[in-house]
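Here the structure comes first, spelled out in structure tokens, and everything after it is commentary.
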Amino acid sequence: MNQLDTQIAALQVAVANDTSVETSAVTLISGIQAQIASAVAAAVAEGATATQLAALTTLQTTLANNNASLSAAVATNTPVVPPPPAPPAPPAV
């Protein structure tokens with residue numbers, strides 16, 4: 001394996017690790033957001049007021065914003081793979 005192959009292999013590992021971390025972060029943020037939404041719904045069902053739920057509502061909004069920011073950053077920084085070129089036209093007969 002030459003130096004270029006070694007560098008490409010290292011970059012492939014780094015990209016795979018980065019993708020895994022980003023996916024985990026989105027999953028984590030979404031999971032926490034769902035747990036807070038469930039807790040808010042249960043509290044409302046028990047008669048909690050908006051004032052009592054303000055901290056949870058703020059956390060829910062912050063997590064939603066973080067999730068959107070992370071998702072946007074991933075989408076923005078994911079290169080678009082161009083489609084393969086069209087095959088050449090057959091020769092005229």
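Please list, ordered by first then second residue, the pairs with beta carbon atoms under 8 Å, 6 or more apart or interchain, first in region 56-80 and over 30 Å from Val44 (Cβ atoms), second of a type in the set (A, V, I, L, M) and at pLDDT below 85. Once the first residue is over 30 Å from Val44 (Cβ atoms) and sits in region 56-80, its partners that are of a type in the set (A, V, I, L, M) and at pLDDT below 85 give Val74/Val26.
Look at region 1-24: where a residue is in contact (Cβ under 8 Å) with a residue 12 or more places away in the chain and in a helix (DSSP H, G or I) and a partner is surrounded by 10 or more Cβ atoms within 10 Å (Cβ to Cβ) and of a type outside the set (Lys, Arg), sitting 6+ places away or on another chain with Cβ atoms under 8 Å, you get Glu22/Leu70; Glu22/Val74. Within the set Val40, Val26, the sole residue that is touching a Ser or Thr at 6+ places or on another chain (Cβ under 8 Å) and closer than 30 Å to Pro79 by Cβ turns out to be Val26. Within region 25-51, the residues that satisfy the criterion of being outside any helix (DSSP H, G or I) and closer than 19 Å to Thr62 by Cα are Ala50, Thr51. Taken together, the residues in region 52-78 that are at pLDDT 85 or above and not in a helix (DSSP H, G or I) amount to 2.
The values are calculated or read from the model by the stated rules, or taken from the named source; none is laboratory data. Nothing here was measured: the structure is a model prediction, and the numbers come from that model. Neighbour counts run over all protein chains shown; Cβ positions are idealised from the backbone, glycine included.
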